[in-house]
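Read the structure below first, then the notes.
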Amino acid sequence: MKRYRIDLHIHTCLSPCGSLEMSPSVIVETALERGLHAIAVTDHNNTMQCPEIQRLGAKAGLIVFAGVEVTTREEAHCVALFGTESSRIIFQQYLDVHLPHIPNDPERFGDQVWVNSRNEIVGEAPYLLLSALDQSVEKVSAVVRKLGGLFIAAHVERPSFSLISQLGFIDSSLMLDGIEFNDSSRYQLLLQQHSYLREYTQYAASDAHYPEQIGTQYAIWQTEALSFENLRMAFEKEGEHLLFSTQPNIH
């Protein structure tokens with residue numbers, strides 16, 4: 001078994017709150033410079049920038065997982081990760097159906113474009129990606145799991161847009177693969193009130209919106225190979241496959 005640095009929550013220029021500097025080439029180059037071995041692309045409610053970054057990552061020696069940060073009907077943020085291009089496409093179709101058709105205002109919220117390796121605009125998401133889907137967290141989780149994906153509670157320690165801030169707790173019946181946090185100190189305080197979180201796979205991620213944030217928080221992935229199925233095994237703590245934070249007392 002080897003151990004690798006990974007950052008499973010990175011936004012691109014497609015997210016309206018993300019910097020336009022977060023282009024495919026910048027993300028891949030910065031991730032490698034920071035010593036990361038794998039990343040996940042997780043824009044708000046849209047996956048269209050994933051394929052180009054995966055293509056560049058494959059050429060440069062960086063594993064890139066396709067993902068998305070979903071805003072559920074409860075206005076809670078969750079990360080979904082997918083192991084195949086077909087599952088990503090199907091989930092993108094699901095997002096297109098269930099995202100409210102509220103036009104984006106670029107001057108107010110930011111641009112929502114995806115680009116190629118030359119930073120040329122390939123497409124633009126017309127509807128505001130910061131909106132909440134018309135689907136509950138239970139429904140979104142069920143769809144992700146049916147597609148063979150992983151479903152994770154995003155930045156649970158935050159006082160807004162997290163499952164705990166929106167619902168007060170995490171229901172044990174929710175099909176959840178893991179718990180993500182960004183601020184380890186704040187997460188330690190949350191664990192004092194919600195000790196059951198220790199039962200889940202817990203790990204840190206950067207939630208990077210700017211190049212300088214990439215890899216500032218990361219997880220350690222102990223695995224035999226950098227594949228999606230091995231990542232699933234790490235979430236499930238199967239054998240010696242593990243995913244954990246480098247922070248003390250968060251295991």
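Read the figures in this text as sums done on the coordinates, not as results from a lab. Only a predicted model underlies this, so the values are computations on that prediction, with no experimental measurement involved. Every residue, glycine as well, gets a Cβ built from its backbone with ideal geometry; the counts of neighbours run over all protein chains shown.
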Tell me, yes or no, whether the stretch 69-81 has at least one residue that is among the acidic types (Asp, Glu) and under 13 Å from the mean Cα position of the chain (by Cα).
yes
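Can you confirm whether residue 229 is assigned to a helix (DSSP H, G or I), in contact with a helix residue (DSSP H, G or I) (Cβ under 9 Å, 6 or more places away or on another chain) and among the charged types (D, E, K, R)?
Numbers: assigned to a helix (DSSP H, G or I): yes; in contact with a helix residue (DSSP H, G or I) (Cβ under 9 Å, 6 or more places away or on another chain): no; among the charged types (D, E, K, R): yes.
No: the conditions fail for residue 229.
Go through the residues of the stretch 49-56 one by one and say whether even a single one is within 16 Å of the chain's Cα centre (by Cα) and among the charged types (D, E, K, R).
Going through the stretch 49-56, the residues within 16 Å of the chain's Cα centre (by Cα) turn out to be 49-51, 53-54.
Right, trim to among the charged types (D, E, K, R) and you get none.
Within the stretch 49-56, not a single residue is within 16 Å of the chain's Cα centre (by Cα) and among the charged types (D, E, K, R).
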Of all the residues that make up the stretch 1-48, how many are crowded, with 19+ Cβ neighbours inside 10 Å, within 16 Å of residue 130 (Cα to Cα) and either polar (S, T, N, Q) or without any contact (Cβ under 8 Å) to a residue 24 or more places away in the chain (or both)?
6
Would you kindly identify the strands (runs of 3 or more DSSP E) lying entirely within the stretch 71-186 that contain at least 1 residues that are crowded, with 18+ Cβ neighbours inside 10 Å?
77-82, 113-115, 150-153, 178-181
Just one of the numbered conditions (1) closer than 30 Å to residue 32 by Cβ; (2) surrounded by 13 or more Cβ atoms within 10 Å (Cβ to Cβ) is not true of residue 58; which one?
(2)
So for the stretch 87-97 (the condition being out of contact with any His (no Cβ under 7 Å at 6 or more places or on another chain), closer than 16 Å to residue 41 by Cα and in contact (Cβ under 8 Å) with a residue 60 or more places away in the chain), does at least one residue qualify?
yes
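Do you know which of the residues in the stretch 207-229 that are of a type outside the set (Val, Ile, Thr) and touching a His at 6+ places or on another chain (Cβ under 6 Å) is nearest to residue 153 (Cα to Cα)?
Initially, the stretch 207-229 is screened for residues of a type outside the set (Val, Ile, Thr), giving 207-213, 215, 217-219, 221-222, 224-229.
Next, only the ones that are touching a His at 6+ places or on another chain (Cβ under 6 Å) stay: 207, 209.
On the way: 207: 13, 209: 18 Å.
The selected residue is 207.
I need a count of the residues in the stretch 61-70 that are surrounded by fewer than 21 Cβ atoms within 10 Å (Cβ to Cβ) and either in contact (Cβ under 8 Å) with a residue 60 or more places away in the chain or at negative phi (or both).
The first filter runs over the stretch 61-70 and keeps only residues surrounded by fewer than 21 Cβ atoms within 10 Å (Cβ to Cβ), leaving 61-62.
When the remaining residues are screened for being either in contact (Cβ under 8 Å) with a residue 60 or more places away in the chain or at negative phi (or both), the result is 62.
Counting residues in the stretch 61-70 that are surrounded by fewer than 21 Cβ atoms within 10 Å (Cβ to Cβ) and either in contact (Cβ under 8 Å) with a residue 60 or more places away in the chain or at negative phi (or both) gives 1.
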State yes or no: is residue 58 under 24 Å from residue 231 (Cβ atoms) and touching a residue at least 40 places away in the same chain (Cβ under 8 Å)?
no
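Can you confirm whether the stretch 71-86 contains a residue that is of a type outside the set (Gly, Ala, Ser), touching a Pro at 6+ places or on another chain (Cβ under 9 Å) and closer than 20 Å to residue 12 by Cβ? Write out each step before concluding.
Residues of the stretch 71-86 that are of a type outside the set (Gly, Ala, Ser), as a first pass: 71-75, 77-79, 81-82, 84-85.
From what's left, touching a Pro at 6+ places or on another chain (Cβ under 9 Å): 85.
Within this subset, residues satisfying the condition of being closer than 20 Å to residue 12 by Cβ are 85.
So far as the stretch 71-86 goes, yes, one or more of its residues are of a type outside the set (Gly, Ala, Ser), touching a Pro at 6+ places or on another chain (Cβ under 9 Å) and closer than 20 Å to residue 12 by Cβ.
Yes/no per residue for (1) touching a residue at least 12 places away in the same chain (Cβ under 8 Å); (2) among the hydroxyl-bearing types (Ser, Thr, Tyr); (3) buried (at least 18 other Cβ atoms within 10 Å of the Cβ):
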{"site": "188", "(1), (2), (3)": "yes, no, no"}
{"site": "199", "(1), (2), (3)": "no, no, no"}
{"site": "219", "(1), (2), (3)": "yes, no, yes"}
{"site": "238", "(1), (2), (3)": "no, no, no"}
